[in-house]
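The values are calculated or read from the model by the stated rules, or taken from the named source; none is laboratory data. Here the structure is a predicted model, which means the values were calculated and not measured. Here the Cβ positions follow ideal geometry from the backbone for every residue, glycine too, while neighbour counts run over all protein chains shown.
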Amino acid sequence: MSAGSETALIAGGGALPGLLLQAAPEMLVCALEGQPAPGGSVLPFRIERLVPFLDALADRGIRRVCFAGAMQRPKLEPELFDARTAALVPRLLGAMQAGDDATLRAVIALFEDWDFEVIGADEIAPALVPGDGLFVRQRRRSGPARCGPRGGNRRGFGRGRCRAGGGGRPRALPWGRGASGHRCAP
């Protein structure tokens, strides 16, 4: 499906927005004021003027919105808020205090409140998303599947795995068990 001129790309940094724009060059590209964005013609906006921005998108006939790329939290300037956007501040600040995921969910909900369909990158450029199947290979281990001085899981990432401590010795993370379910060596 082509994204068409009824789609706005809310672009952040990184390669993904540019790849999406190549796949659907007719999209309207929007970016937070001061944020990098692909393409020559970019519609800048500010969080403090979010409601007028949403109205402008609707006035242009935009029906779908795709968020893509990394965004830095902007410094909010209270004197720039318009009255309608100011009414959304408690909702936005509560989400911002709950973290990035909650903030993104709240922003998506606001766009949906304005009857925009929020779509994923896969709807614009399906070739960017891998198809069905297994995309990993098994690594051979020379020792037992445990965290320890001679174990195979020293460089684990995430919850419950070991990481190298001082002198290259693994140390346990607070969650206690390695990915294989074995205790991590202190």
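Could you list, in sequence order, all residues of region 2-52 that are within 15 Å of residue 118 (Cβ to Cβ) and over 21 Å from the mean Cα position of the chain (by Cα)?
If the condition is that a residue be within 15 Å of residue 118 (Cβ to Cβ) and over 21 Å from the mean Cα position of the chain (by Cα), then 6 is the only one that fits.
Among the candidates 16, 80, 88, 92, single out the residue that is in contact (Cβ under 8 Å) with a residue 12 or more places away in the chain and touching a Gly at 6+ places or on another chain (Cβ under 6 Å). Before you say what the answer is, go through the steps one by one.
Values: 80 fails: touching a Gly at 6+ places or on another chain (Cβ under 6 Å); 88 fails: touching a Gly at 6+ places or on another chain (Cβ under 6 Å); 92 fails: touching a Gly at 6+ places or on another chain (Cβ under 6 Å).
That would be 16, the only listed residue that is in contact (Cβ under 8 Å) with a residue 12 or more places away in the chain and touching a Gly at 6+ places or on another chain (Cβ under 6 Å).
Of the conditions (1) of a type in the set (Phe, Trp, Tyr); (2) surrounded by 16 or more Cβ atoms within 10 Å (Cβ to Cβ); (3) out of contact with any helix residue (DSSP H, G or I) (no Cβ under 9 Å at 6 or more places or on another chain), residue 45 fails just one. Which one is it?
The number of the failed condition is (3).
Keeping to region 65-95, report how many residues are in contact with a strand residue (DSSP E or B) (Cβ under 7 Å, 6 or more places away or on another chain) and either among the small types (Gly, Ala, Ser) or in a helix (DSSP H, G or I) (or both). Give the steps one after another, and end with the answer.
At the first step, the residues of region 65-95 found to be in contact with a strand residue (DSSP E or B) (Cβ under 7 Å, 6 or more places away or on another chain) are 65-71, 74.
Next cut, either among the small types (Gly, Ala, Ser) or in a helix (DSSP H, G or I) (or both) only: 68-70.
So the answer is 3.
Would you tally the residues in region 96-117 being part of a helix (DSSP H, G or I) and touching a helix residue (DSSP H, G or I) at 6+ places or on another chain (Cβ under 6 Å)?
The first filter runs over region 96-117 and keeps only residues part of a helix (DSSP H, G or I), leaving 96-97, 100-113.
Next cut, touching a helix residue (DSSP H, G or I) at 6+ places or on another chain (Cβ under 6 Å) only: 96, 102-103, 106.
Looking only at that region, the number is 4.
Looking at the structure I just gave you, is residue 21 in contact (Cβ under 8 Å) with a residue 12 or more places away in the chain and either under 20 Å from residue 121 (Cα atoms) or in a strand (DSSP E or B) (or both)? Please lay out each step first, then the result.
On the way: in contact (Cβ under 8 Å) with a residue 12 or more places away in the chain: yes; either under 20 Å from residue 121 (Cα atoms) or in a strand (DSSP E or B) (or both): yes.
So residue 21 fits the description; yes.
Could you count how many residues in region 55-87 are in contact with a helix residue (DSSP H, G or I) (Cβ under 7 Å, 6 or more places away or on another chain) and of a type outside the set (Gly, Ala, Ser)?
Just the residues of region 55-87 that are in contact with a helix residue (DSSP H, G or I) (Cβ under 7 Å, 6 or more places away or on another chain), to begin with: 65-66, 68-69, 74, 76-77, 80-82, 84-85.
If we keep only those that are of a type outside the set (Gly, Ala, Ser) as well, we get 65-66, 74, 76-77, 80-82, 84-85.
Looking only at that region, the number is 10.
Return the residue satisfying two criteria in turn: it lies in region 54-91 and is among the charged types (D, E, K, R) and closer than 21 Å to residue 11 by Cβ, and of such residues it is modelled with the lowest pLDDT. Lay out the reasoning, then the answer.
Let us first name the residues in region 54-91 that are among the charged types (D, E, K, R), namely 55, 59-60, 63-64, 73, 75, 77, 79, 82, 84, 91.
Retained after the next criterion (residues that are closer than 21 Å to residue 11 by Cβ): 55, 59-60, 63-64, 73, 75.
Details: 55: 97, 59: 96, 60: 95, 63: 97, 64: 97, 73: 81, 75: 86.
So the residue we want is 73.
Take the residues of region 6-24 that are more than 19 Å from residue 44 (Cβ to Cβ) and not hydrophobic (A, V, I, L, M, F, W, C): which is surrounded by the fewest Cβ atoms within 10 Å (Cβ to Cβ)?
Only one residue fits best here, namely 22.
Out of region 25-42, which residues are surrounded by 14 or more Cβ atoms within 10 Å (Cβ to Cβ) and more than 21 Å from residue 107 (Cβ to Cβ)? Talk me through it step by step, then tell me what you get.
Narrowing region 25-42 to residues surrounded by 14 or more Cβ atoms within 10 Å (Cβ to Cβ): 27-32, 35-39, 42.
If the condition is that a residue be surrounded by 14 or more Cβ atoms within 10 Å (Cβ to Cβ) and more than 21 Å from residue 107 (Cβ to Cβ), then 39 is the only one that fits.
Just give me the residues in region 30-53 being over 19 Å from residue 73 (Cα atoms) and either charged (D, E, K, R) or modelled with pLDDT of 95 or more (or both), in sequence order.
52
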